[in-house]
Amino acid sequence: MRLSGRAPHKADTGTDAADIRPTARRLAERAASLAVRDLLSRQHAEGWWKGDLECSVTSDAEDLLLRQFLGILDEKTTQAACLFIRGEQREDGTWSTFHGGPGDLSTTIEAYVALRLAGDAPGEPHMAKAAAWIRAQGGLAAGRVFTRIWLALFGWWKWEDLPTLPPEMIFMPRWFPFNIYRFACWARQAIVPLTVVSAKRPVQPAPFGLDELHSEAGVPGPTRERPPARGWEGFFLRLDRVLHAYHKVAPRRLREAAMNRAERWIVERQEDDGCWGGIQVDATYSLVALCLLGYELDHPVVRAGLASLDAFAVWREDGSRMIEVSQSPVWDTSLAVSALADTGVRPDHPALVKAADWMLGKQHREPGDWAVRRPGLEPGGWAFQFHNDNNPDLDDTAEVILALRRVEHPDPVRVDAAIGRGVRWSLGMQSKNGGWGAFDADNTSSIVRRLPFCDFGEVTDPPSADVTAHIVEMLALTGHFADPRTRRGVEWLLTEQEASGAWFGRWGVNYVYGTGSVVPALMAAGLPTAHPAIRRAVTWLSSSQNDDGGWGEDPRAYRDERWAGRGTSTASQTAWALLALLAAGERQSESVEQGIGWLAQTQREDGTWDEPYFTGTGFPWDCSMKYHLYRQVFPLMALGRYLHKSGLGHPFDATVGLPSARQG
């Protein structure tokens, strides 16, 4: 992996800048033409775009474990899923959470168990190598809580050796530190069903043992040392012991009432497609909980839930089966429309109008869980997925509005009304510090993050620079430039800039994504290109450019800042850097010219880019994602903005997506 820094200067290359720019422009025109044609060809007949959303093999392993627990695991599904899992194993026998990353213990444990379900024997070389590595890392005892919950379901782990959360917490008032609305929406949708699982403590007899995965033979549980006398860690470990003791004496009627309330809460949040929140893992835990509460497999709720999980399966040409952690059609469609508009596709192009119609039909008109903190606020947001009526998010809402305003729709009154609702909802969801979170306002509890149960991923939803930037950009471009709430958002962004000049990226990897989001927003909000924050960002981006002209950043930047802005060049991350530099007035810079050249030269003949790396983020470090459409939409945005601002924004032909002035 190349970890180089600044791109070569003119003196280093021996190439005159006057010769570089015309060449880069010609390459950009051709690359944009090919990319537009490819992107238009990917649109669904209903008007949306969606790329696969890939995560680690944890999703694939847990899907098999669910089906094993419910007794519905079939040979075809097992072998197809394990074909994919085997293909993702690293040379050292491990599985990582992102392409090229280090081995991850819990992911490796779950992948190993999944392969055992497929019949792979412990003595086979790939299995023995994985088992040896697991033992060297501390064995099953060192795995995360969520992994050990799956092990406990099959008797491979003791429920008594797991942290617990009682279902009675669903009765906690909203002011109480541990009520369910202190958790982020994605976390509460998993935690409520898991309180049921934790109370029921079922054991499905395992089809095999896992003795080979214990760090010491015959020691299946962790050594529990007395926690420190002081500090939060000691407090919460002792609290967990109290909750375990309560489990044994919980009043029967209170426990039953809590179970009934949790059941209603889960069922009420099932979406029309049968899923929960449009997230695979939340649907998985909800199905386990409902089945433990007596729901049969042929119950309509369970049938619909299982069908929704089948929809997350991507069957590949090689016969393998990959599970998407979620699906992103609203997000992908909004980005695709903006990318096409940036490149000069006519605003009344049928593809854009059809996409706008589809997005308009996805706007929320009823309150969801967000209304707990914002009662009385008019709905108007958009969600990420095909079906998610309960959890719209600010990021999608901003990008949809930015896309809709680029379309010349035959019913402009309808579009304006939808944009107005979305703007009002977004303004109402601002957190008190001036920023915006993804799903909730002021979801910033530090207490719930300390629970022993919560050792994986983010469980709260505080404001982030990237989401706030998208909201600020949207507000500025929809006429709310001078609104005090917009200005507060700008001030919050300025205070969040890192000493390096970059911004942290919560939902994309990482500082390149954050900086690529914030700089265009600040420019839209009226900051001059000479503003110190903009100049520091430009300096950081220029110093982070790879020698090949592209940009890349490894997810390890979330744990080690030495990786900030460092990694193999990728199409999406190069585009993010270019979007920031172009917004900052650096169009004539050598960094931009070389970045555009890298995009043009690495493009395939069919108009696509290859990007095996994970540049999206679910949870920083813990859950990295690969949005398969990112490598298409963001480079197209960058190419389009480069060409248009250079005076080369030719209109694109409505049928084939090629510049009409260049055909033939």
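Throughout, read-outs are computed from the coordinates displayed, never taken from laboratory work. Bear in mind the structure is a predicted one, so any value in this text is a computation, not a measurement. Cβ atoms come from the backbone with ideal geometry, glycine included; neighbour counts cover every protein chain shown.
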Using alpha carbon centroids, what distance separates the range 557-611 and the range 114-148, in Å?
-> 38 Å
Give me D for the range 31-161 in µm² s⁻¹, whole number, from Stokes-Einstein with Rh from the Kirkwood sum over alpha-carbon pairs, 25 °C and 0.890 mPa s.
-> 149 µm²/s
Give me the log10 of I(q) over I(0) for the range 116-205 at q = 0.10, 0.11, 0.15, 0.26 Å⁻¹, as the Debye formula computes it from C-alpha points; what are the numbers?
-> -0.38, -0.45, -0.72, -1.27
Compute the length gained on full extension between E75 and K200: take 0.36 nm times their separation in residues and subtract their Cα-Cα distance, giving the result in nm to one decimal.
-> 42.1 nm
Quickly estimate the mean residue ellipticity at 222 nm for the chain, helices only: each DSSP H run with n ≥ 4 gives -39500 (n - 2.57), and the total goes over all residues, rounded to 500.
-> -15000 deg cm²/dmol
So what does the Cα-only Debye profile of the range 237-300 read at q = 0.16 Å⁻¹, as log10 I(q)/I(0), no solvent term?
-> -0.67
For the range 279-352, what Kirkwood radius comes out of the mean inverse Cα-Cα distance, in Å?
-> 15.3 Å
Distance in Å, no decimals, from the C-alpha centre of the range 304-352 to the one of the range 409-429 is 23 Å
Alpha-carbon spread of the chain, three principal axes, descending order, Å = 76, 58, 51
Alpha-carbon spread of the range 381-528, three principal axes, descending order, Å | 54, 40, 26
Length gained if S41 through D272 is fully extended, taking 0.36 nm per residue and subtracting the Cα-Cα distance, is 80.3 nm
Candidate lysines for bridging to K354, where Cα separation is under 25 Å - those fewer than 8 sequence places away on the same chain excluded = K50, K362
Hey, any idea what Rg/Rh is for the range 152-220, computing Rh the Kirkwood way over Cα pairs?
-> 1.11
At what distance in angstrom do the alpha carbon centres of the range 437-489 and the range 173-216 lie from each other?
-> 27 Å
Rounding to the nearest 20 debye, state how big the charge dipole of the range 54-323 is about its Cα centre with +1 on each Lys and Arg Cβ and -1 on each Asp and Glu Cβ.
-> 1460 debye
For the range 54-323, what percent of Cα pairs sit more than 25 Å apart?
-> 48 percent
Taking placed amide H atoms and a strict 5 Å upper bound, the residues 5 or more places from G380 or on another chain that come that close are H364
Roughly how large, in nm² to one decimal, is the mean projection of the convex hull of the alpha-carbon atoms in the range 74-127?
-> 3.6 nm²
Once fully extended, how much extra length lies between H299 and R424, figured as 0.36 nm per residue of separation less the alpha-carbon to alpha-carbon distance?
-> 41.0 nm
Quick one: P(r) of the range 377-432 from all Cα-Cα pairs, 10 Å bins, percents rounded to integers, in order of increasing distance.
-> 24, 53, 22, 1
What is the diffusion coefficient of the range 452-605 in µm²/s, taking the Kirkwood radius over Cα pairs and the Stokes-Einstein relation at 10 °C with a viscosity of 1.306 mPa s?
-> 100 µm²/s
How do the peptides 444-451, 573-580 rank, highest first, by the average count of neighbouring beta carbon atoms within 10 Å per residue?
-> 573-580, 444-451
